[in-house]
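Q: Below are the structure tokens for one structure; questions will follow.
The values are calculated or read from the model by the stated rules, or taken from the named source; none is laboratory data. This one's a predicted model, so the numbers in the text were calculated from it and none came from an experiment. Methodologically, a virtual Cβ is constructed for each residue, glycine included, from the backbone with ideal geometry; neighbour enumeration extends over all protein chains shown.
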Amino acid sequence: MRIKVDATKCIGAGLCVVAAPEVFSQNEDDGLVIVLQESPPPELHEKVREAARLCPALVITLDD
């Protein structure tokens, strides 16, 4: 799995961080998404899929 994020469209909701804090964080200044692991290990894949589903701006895309 490889994660791609369009941070220019991120609204800073933070649901990705709630779903997968090992993989996503937020910029302290503007709240925009930060990807901590572009290729997370298999045990985190379901959390990452949930984060992508929860994103209200739909900025997270996954290449499996």
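Q: If I filter the range 17-51 down to residues being among the charged types (D, E, K, R) and surrounded by 12 or more Cβ atoms within 10 Å (Cβ to Cβ), which single residue comes out as nearest to Leu62 (Cα to Cα)?
A: Filtering the range 17-51 for residues that are among the charged types (D, E, K, R) and surrounded by 12 or more Cβ atoms within 10 Å (Cβ to Cβ), the one nearest to Leu62 (Cα to Cα) comes out as Arg49.
Conditions (1) on the phi > 0 side of the Ramachandran plot; (2) hydroxyl-bearing (Ser, Thr, Tyr); (3) under 8 Å from the mean Cα position of the chain (by Cα), marked per residue:
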site	(1), (2), (3)
Thr8	no, yes, no
Gly14	yes, no, no
Ala19	no, no, no
Asp64	no, no, no
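Q: What number of residues within the range 1-16 are at pLDDT below 95 and surrounded by 15 or more Cβ atoms within 10 Å (Cβ to Cβ)?
A: So the answer is 0.
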